[in-house]
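Let me begin by presenting the structure, written as structure tokens, before commenting on it.
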């Protein structure tokens, strides 16, 4: 049984201040809940509807959660809707401890491997989620989120990562100017994506140890980070758009990095 | 002066059936309204607030609209909000005739140039908008929207195109299986983006006359179109994500196409 008070408590996690206070966040839908579970994320509780439990996918996932000893509680469709950010919660929501949060100062460059991505004030939740999913696809070793980024545990960010949130090492609240300095000291090249840069990205001009920085949707990368970077690169333009969506630009840069290895 | 009845009439354009009935749609924000105007789109009316008119950017844009003989009406902030899809309308909304709508059968392959993109049941408005913006950046000659795609004039689609809606030739309601057949007859290679394909996209294996097809976010491309295609290509994966966001995948494919020309 889950009480009305508990439900209200978890519904408050739609707000950032409550997520920070309780150190918990919500994950919606069978796919993301399944990813959280199989990645070993600290799932505290799973809340589902009877309709979900009666579906084929639902009964499989719920037995898996049960095998792992995770508390599962059934509620009405209306009660579930009070927790979910969208109408597409698809019958299941998990309450997860914010374990993926890596303090920025623990993420020393020696652990970055060959490819890290830093985000400076990315503001749109869908963009942040799509970037994390893209970083996961291209095997990025670490993602640094600067202090001005939208909250990683915003329900729309969590949903847009499509489970990739649970696959990557992500540092929140990073002091990006300091990270950039440290990265350069340790032999990383720091490159900034900037549509107005004079140098064109091509299929092979990215160095082997790279920290790629993407900026805010409207303002780009901050002046301080721009001044500290080694490279400013633009994706060549063939039409009339003023810029690319930041997640699309991230995909192009990451593929360009992997192309050099082919 | 604009009457309450007129305002109500235009507010109804948030719904697809009214956009189709009236053959009009709404464009929000100074940037998109400016792009519509400079691209010569048939702007019927512009509605703005006093606060917008008093801003530097606002007075410049309003005089330009006036010079072009476009009817401009001022309203209160609350009245403007009744028209806008977001809280970010930034003081200006335009009512535009749906001119960019090119009937699919007019878009004959001979007019496609070297690069066209077809979308089969892309459902998310933000994705459709980002794809159109990406097609504009990479100089795509034509975009075909299949019948199952989200409405091109959905306010979130319009906003996400960042003005690129006004730069491209876009055919709505295309019969994609027929388009694919015609394209092949005219010497186009039809390629499908499919994360499960055995052939990897690389920086140079795309043919010179190309129709690229992207599918639904969950289901991919329909079986009929898949069967008719010449190539199924996957963006190589280096991590654990199941797939890429469709707009991100589109960016990577389009850059790959342009790489072959470098």
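Here, each number is a calculation from the coordinates, and none is a lab measurement. Being a predicted model, the structure only gives us computed values, none of them experimental. Here the Cβ is made from the backbone with ideal geometry for all residues, glycine too, and neighbour counts use every protein chain on show.
To one decimal in nm, how far is residue A:44 from the same spot in the other copies, if labels go 7 Å from Cα toward Cβ? Please give the shortest first.
So the distances to the same position in the other copies read 5.2 nm.
Output the peptides B:66-77, B:143-154 sorted from most to least packed, where packing is the average of other Cβ atoms within 10 Å over each peptide's residues.
Result, highest mean Cβ count within 10 Å first: B:143-154, B:66-77.
Over all Cα pairs of segment A:4-97, how is the pair count split among 10 Å bins, expressed in % and running from 0 up to the last occupied bin?
Result, from short to long distances: 17, 55, 26, 2 percent.
If we sort A:135-142, A:217-224 on the protection proxy, mean other Cβ atoms within 10 Å, highest first, what's the order?
So the order, starting with the most tightly packed, is A:135-142, A:217-224.
Using the Kirkwood radius over C-alpha pairs as Rh, can you work out the diffusion coefficient of segment B:101-259 via Stokes-Einstein at 25 °C, viscosity 0.890 mPa s, in µm² per second?
160 µm²/s
In nanometres, what is the gap between the two model label sites at residue B:4 and residue B:82, each 7 Å from Cα along Cα-to-Cβ?
Distance between label points: 0.7 nm.
For the pair residue A:224 and residue B:50, how long in nm is the line joining their label points, each one 7 Å along Cα→Cβ?
For residue A:224 paired with residue B:50, the spin-label model returns 4.1 nm.
Would you mind getting the Kirkwood hydrodynamic radius of segment B:134-181 from its Cα pairs, rounded to one decimal in Å?
Taking every pair of different Cα atoms in segment B:134-181, averaging 1/r and inverting gives 11.5 Å.
With just the Cα atoms defining each centre, how far is segment A:209-250 from segment A:170-196? Give it in Å.
Going from one Cα centre to the other spans 13 Å.
Of all beta bridges DSSP finds with both residues in segment A:13-169, what is the antiparallel percent, to the nearest 5?
Taking every DSSP beta bridge with both residues in segment A:13-169, the antiparallel ones total about 55 percent.
Efficiency by 1/(1 + (r/R0)^6): what FRET value for residue A:189 and residue B:242, r their Cβ-Cβ distance, R0 = 45 Å, to the nearest 0.05?
0.90
Say a label goes 7 Å from Cα toward Cβ at residue B:99 in every copy; what distances in nm does this one have to the rest, shortest first?
When each copy's label point is compared with this one, the spacings are 5.8 nm.
For segment A:178-223, which semi-axes, largest first and in whole Å, follow from the square roots of 5 times the eigenvalues of its Cα gyration tensor?
Three semi-axes, in Å: 19, 16, 7.
Over the protein assembly as shown, what is the percentage of antiparallel beta bridges among all DSSP beta bridges, to the nearest 5?
Around 30 percent of the beta bridges assigned by DSSP in the protein assembly as shown are antiparallel ones.
Per DSSP helix of 4 or more residues, -39500 (n - 2.57); summed, then divided by the residues of chain B. What does that give at 222 nm, rounded to the nearest 500?
-10500 deg cm²/dmol
Of the beta bridges DSSP finds with both residues in chain A, what % are antiparallel, to the nearest 5?
DSSP beta bridges in chain A are roughly 30 percent antiparallel.
Shortest first and in nm with one decimal, please list how far the residue A:81 label point sits from its counterparts in the other copies (point 7 Å along Cα→Cβ).
Sorted ascending, the copy-to-copy spacings read 2.5 nm.
Calculate the spin-label point distance for residue B:200 paired with residue A:209, positioning each point 7 Å from the Cα along the beta-carbon direction, and give it in nanometres.
Spacing of the two 7 Å Cα→Cβ label points: 2.5 nm.
Note the direction-averaged projected area, equal to a quarter of the hull surface, for the Cα convex hull of the protein assembly as shown, in nm².
Mean shadow area of the hull around the Cα atoms is 25.9 nm².
For the rotation taking chain A to chain B, which residue of A has the Cβ nearest the axis, and how many Å away is it?
Taking the axis that maps A onto B, the answer comes out as A:203, 2.
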